[in-house]
Amino acid sequence: MTLSRHNILSLSHTDEILAALLRLCALLSAAIVILILLFLSSESWPVLQHVPLTRFLSDASWHPTQGLYNIAPMLSATLLSTLGAILLATPLGIASALFSHYYAPPALATWHRRIIALLAGIPSVVYGFWGLTTLAPLVGRLHPPGVSLLTGILVLTLMILPTVALTVDAALAGVPNVYLRGAVALGMSRWTMISGVVLPAARSGITSGIMLTTGRALGETMAILMVAGNVVQHPHSLFDSVRTLTANIALEMAYAMGDHRAALFATGLALLAMVLLLVSIAEFFRRDLVHG
Amino acid sequence: MAKNFLATAMIWLVALLISSVFLYLLSDMLIHGMARLSLAYLVDAPLDAGRSGGIAPIIVATAIIVLIAITAAAPLGLATAVLLTEFTRQKSGFGRFVEHSLDVLASVPSIIFGLFGNAFFCLYLGLGFSLLSGGLTLACMALPILIRTAVEGLRSAPDDYRLAAAALGMTRSAALLHLLLPAAAPALAAGLMLGIGRAGAETAALIFTSGYVDRMPASWFDSGRALSVHIYDLAMNVPGGDASAHAAALVLILLLFAINSLAMGLTRHWQRGRIHSI
Amino acid sequence: MKALMQDSDNNSLPQPSYTLGPLQSGPPCCDPRPLIRVTDLSLHYGAKAELENVSLDIYQGCITALIGPSGCGKTSFLSALNRLTDMLPGCRISGRIRFNDTDVRNPHLDVRLLRRDIGMIFQKPVPFPLSVRRNIELPLREHGMRRQAEIDAVVKQVLQDVGLWEEVKERLDSPAQALSGGQQQRLCIARALALKPKVLLMDEPCSALDPIASGVVEDLIVRLQERYTIVIVTHNLAQARRIANYAGFFWVRERAGRLIEFGRCQQIFQSPAHSLTASYVNGDRG
């Protein structure tokens, strides 16, 4: 039998060409993040080069057209809304995951998980819209106006709840079965087993998930833009209207020019830095999990 | 024991709360949206700043933006995933660099992508407010998801296939084409659906890249309005636009539900294992 | 012997089933020439030494059995012969391997052609997730065969050679993974035979199979003798005794696998020179 004499390239050759092509593509993918940092920096440079960073916190107010760049009220709005949302979403998310794993009969658990997955798929603009048409009037009846920090926190909670539930669910799935069997053998009640054995064992995964979710909450724009009221002020009560950094960018980018625009890019850079910090901390916890 | 009972009660309560909020939200959209939903709504152009008329140009614009995003991101994502799984060693510096930058990319907030898209695609590359700018920005956002699912799919293909193919003198490219990619196909498809879902839900990244224009786009260099942006505009800038917004929101939710369910179904099919006959 | 002639479905193998090709050129086994010469082969995974200073010859047309307990590096040794070690991360090799006067370790060698001449059968059968026909067709097309008629002829030939033809001729286009374990392994052997190799490396080909299937595959291996040069790693001493012409005994010494003794099968099993060999083949150790 003779194999027809076709151009048999050696193993390395075809594969080498392919590998070079693939390496180019991978480099391109990896370059996107670098491009983002580059362009954000270059767009914020005009204002950063002549406005010292301290002025971003010490100026009289946020009026970029008049050269005033105080972002403190917006910063506090961002931090408070995120904090509030995390405080609410964490216990709810953990409870939801515990429900799926330990309390619900299998059919109900699947159903519940499916609902969580679908909730995760609802776009933020729809959450914002529903918050605006339903939640805000409700809150408004308690204390006008309806659009406020509280509404923002509630909508943000709803948005990040599925993420918390999903990550905790995954963390719980990683708890070795032997722990549970050991607890049952000792005659522990279900709650004692959960609080004493399962949750501590899943601690790293849960913490990492919460850090990541906090990052997501910090970066959320649409939902909070639609329900928080958009007044640049320090919130003195839950019912005050506030504007977060993200909402600020979204609202003012449309007409900002020159230094104003650069200032917006600068706030974007600050936001990115905060999120990346959280992500690295989360990564640290996750690696801790892998090493035991 | 009392604590145990209390805990059980609270957890069931939370589950009930979550489900009811979900149902409330859904039924709210359904009830208010159904009132305006009709075939005419889907094929007509918007009138009176969107308060009446339909959403046809908006659906078209959304479709074009998502198509651009996927067409740009899928090949790039697949190539990167193949490199990461088949052509780099476990501890390779290059591989880890790529994976790390993709992890970072995955956590960048959507508004930042909007800023980047505006600075890079609209201004630096001169594409202006266009469907192209919006689509390419979304491509950057969808890339990490596509790569993650593709890597998972390829890694799940048994190593035995790779060794057996090599022992038969097959090139890596041939093994990829005939064995590994087909084996990973359901995972790749599921990832594609997830990427499409993410792109379709996006708003903040599109506001200052593809713009607000609600006319039927004539080309991908035209500005256009995506469905999510339309909802935002009606809710915030158009008094009396609520009714139309409800309908648009319903359309968006239904589309995304369909896509995400498809993705979930594909993932289940893939994980159940497969015997192909090709 | 009769029991071995039935496969796991209790069908009798076709008689006579010899459709194997003509004898490879070269002297018969009692006066063999070495086809593969291994000199001072050492293999390391990272810092760990897997094999140290292994030297042996594989004789043409003979069955060489590599025996010894798990972890002695026998599988790694096989992988070095067809350069499959290139695919194992962190693997370093030193020493010389000559196949037909070609230096196997030459980095400029066309490895694809080498692997066409030296085929490998794995412990766990690895049929591709394709049809039976496509399993054999794919490597053939890869190596340049184009005409469908030619391919179909080879497919039929090799399936007959391994005694599978009667069992699968009706379902050539159905999934190969639906075959039984023994059939899958025979398919893998057929797939390797399609490339007309000179050497077949077999890494415990029967250990993942049930006893009946194992017997069928072993029977096939014996028939392949003299037409192909076979190197078989096996834990089954009785099997080695039955089928091998030459045997090499591996053992872990000073934390690396080493070749303790190599020679004609009768000599290794009946009058081993080394006491360790004697203990192992008599079941006292390992």
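The values are calculated or read from the model by the stated rules, or taken from the named source; none is laboratory data. Here the structure is a predicted model, which means the values were calculated and not measured. Glycine gets a Cβ as well: all are built from the backbone with ideal geometry, and neighbour counts include every protein chain shown.
Here are the numbers for the structure shown:
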read-out: Qualifying residue in the range B:35-49 (condition: at pLDDT 85 or above and not aromatic (Phe, Trp, Tyr)); value: no
read-out: Filtered residues of the range C:91-125 (kept if over 14 Å from the mean Cα position of the chain (by Cα) and under 26 Å from B:Leu177 (Cα atoms)); value: C:Pro107, C:His108, C:Leu109, C:Asp110, C:Val111, C:Arg112, C:Leu113, C:Leu114
read-out: The one condition in (1) in contact with a strand residue (DSSP E or B) (Cβ under 9 Å, 6 or more places away or on another chain); (2) assigned to a helix (DSSP H, G or I); (3) within 13 Å of A:Ser81 (Cα to Cα) that A:Pro235 fails to fulfil; value: (2)
read-out: Index of the failed condition, B:Phe257 passing every other in (1) of a type in the set (Phe, Trp, Tyr); (2) within 22 Å of B:Gly128 (Cβ to Cβ); (3) surrounded by fewer than 22 Cβ atoms within 10 Å (Cβ to Cβ); value: (2)
read-out: Enumeration of residues in the range A:244-285 that are under 26 Å from B:Asn237 (Cβ atoms), among the aromatic types (Phe, Trp, Tyr) and surrounded by fewer than 17 Cβ atoms within 10 Å (Cβ to Cβ); value: A:Tyr255
read-out: Selected residue (only one of B:Ile59, B:Ile111, B:Ile55 is buried (at least 17 other Cβ atoms within 10 Å of the Cβ) and out of contact with any Ser or Thr (no Cβ under 9 Å at 6 or more places or on another chain)); value: B:Ile59
read-out: Index of the failed condition, B:Ala183 passing every other in (1) facing chain A (nearest Cβ under 9 Å); (2) more than 19 Å from the chain's Cα centre (by Cα); value: (1)
read-out: C:Arg96 in contact (Cβ under 8 Å) with a residue 12 or more places away in the chain and either assigned to a helix (DSSP H, G or I) or surrounded by 15 or more Cβ atoms within 10 Å (Cβ to Cβ) (or both); value: no
read-out: Residue in the range C:134-157 that is part of a loop (DSSP other than H, G, I, E, B), among the hydrophobic types (A, V, I, L, M, F, W, C) and surrounded by 23 or more Cβ atoms within 10 Å (Cβ to Cβ) present; value: no
read-out: Flag if A:Ala26 is at pLDDT 90 or above and within 8 Å of another protein chain (Cβ to nearest Cβ); value: yes
read-out: Lone unmet requirement of (1) surrounded by 14 or more Cβ atoms within 10 Å (Cβ to Cβ); (2) more than 30 Å from B:Tyr24 (Cα to Cα); (3) under 28 Å from the mean Cα position of the chain (by Cα) for A:Pro200; value: (1)
read-out: Enumeration of residues in the range C:111-133 that are assigned to a loop (DSSP other than H, G, I, E, B) and β-branched (Val, Ile, Thr); value: C:Val126
read-out: Test: residue in the range C:104-120 that is at the interface with chain B (Cβ under 9 Å from one of its Cβ atoms), surrounded by fewer than 22 Cβ atoms within 10 Å (Cβ to Cβ) and at positive phi; value: no
read-out: Failed criterion for A:Ala266 (all others in (1) out of contact with any Asp or Glu (no Cβ under 9 Å at 6 or more places or on another chain); (2) within 14 Å of chain B (Cβ to nearest Cβ) hold); value: (1)
read-out: One residue from C:Gln184, C:Gln148, C:Gln160 being within 14 Å of chain A (Cβ to nearest Cβ) and among the polar types (S, T, N, Q); value: C:Gln148
read-out: Residues being among the charged types (D, E, K, R), assigned to a helix (DSSP H, G or I) and under 30 Å from A:Leu154 (Cβ atoms) - total across the range B:13-62; value: 2
read-out: Test: residue in the range B:100-118 that is at positive phi and free of Cβ contacts under 8 Å to residues at least 24 places away in the same chain; value: no
read-out: Conditions (1) more than 10 Å from chain A (Cβ to nearest Cβ); (2) without any contact (Cβ under 8 Å) to a residue 60 or more places away in the chain; (3) within 30 Å of B:Ala185 (Cβ to Cβ); number of the one not met by B:Leu252; value: (1)
read-out: In the range A:89-116, residue nearest to the chain's Cα centre (by Cα) [restricted to those that are over 23 Å from A:Thr192 (Cα atoms), more than 7 Å from chain B (Cβ to nearest Cβ) and in contact (Cβ under 8 Å) with a residue 12 or more places away in the chain]; value: A:Ile116
read-out: Residue within the range B:69-82 that is in a helix (DSSP H, G or I) and at positive phi present; value: no
read-out: Lone qualifier among C:Thr75, C:Thr85, C:Thr64 - being within 25 Å of C:Gln185 (Cα to Cα), among the polar types (S, T, N, Q), modelled with pLDDT of 90 or more and assigned to a helix (DSSP H, G or I); value: C:Thr75
read-out: In the range B:18-36, the residues that are surrounded by 14 or more Cβ atoms within 10 Å (Cβ to Cβ), more than 8 Å from chain A (Cβ to nearest Cβ) and within 24 Å of A:Gly93 (Cα to Cα); value: B:Leu26
read-out: Qualifying residues in the range B:193-216 (those that are assigned to a loop (DSSP other than H, G, I, E, B) and not polar (S, T, N, Q)) - the one farthest from the other protein chains (Cβ to nearest Cβ); value: B:Met216
read-out: Flag if B:Ala190 is farther than 21 Å from C:Leu81 by Cα, in a helix (DSSP H, G or I) and within 12 Å of chain C (Cβ to nearest Cβ); value: no
